[in-house]
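The values are calculated or read from the model by the stated rules, or taken from the named source; none is laboratory data. A quick note: this is a predicted structure, and the numbers were derived from the prediction, not measured. Cβ placement follows ideal geometry from the backbone for every residue including glycine, while neighbour counts extend to all protein chains displayed.
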Amino acid sequence: MSVDFGKMTKRFLLGEWNTKASTSSRLASIKEALGSLNPRTIRERQRIELALENLTHIRREHRKLQEQVKVLEEKLQILEEGKEEIV
């Protein structure tokens with residue numbers, strides 16, 4: 001059994017390699033990648049720090065949006081149950 005590295009690379013570059021990954025896991029992966037970089041200059045270090053700070057804000061906003069979606073789904077379920085009772 002041989003591995004087709006060309007096909008695997010193409011899928012990775014086109015973003016098809018892991019379409020089931022959650023947004024949280026993708027953000028964690030980006031944070032890990034940024035944390036593993038070794039900046040050679042002060043400017044590079046500042047850019048990485050800024051990217052990590054922005055990523056923290058994105059993760060916080062993502063968490064808030066997930067909570068809002070959960071609340072809205074619960075409200076929708078209550079409304080649908082009420083509609084079923086009326087009909």
Considering residues that are surrounded by 10 or more Cβ atoms within 10 Å (Cβ to Cβ), more than 16 Å from the chain's Cα centre (by Cα) and modelled with pLDDT under 85, the number found within the range 1-52 is 5
Six or more apart or on different chains, Cβ under 9 Å: which pairs go from a residue in the range 53-80 that's within 14 Å of residue 30 (Cβ to Cβ) to one that's of a type in the set (Gly, Ala, Ser) and in a helix (DSSP H, G or I)? Could you list them?
59/24; 59/28; 62/24
Pairs please, first residue from the range 21-41 and in a helix (DSSP H, G or I), second anywhere and among the basic types (Lys, Arg) and surrounded by 11 or more Cβ atoms within 10 Å (Cβ to Cβ), Cβ atoms under 7 Å, 6+ apart in sequence or on different chains.
27/59
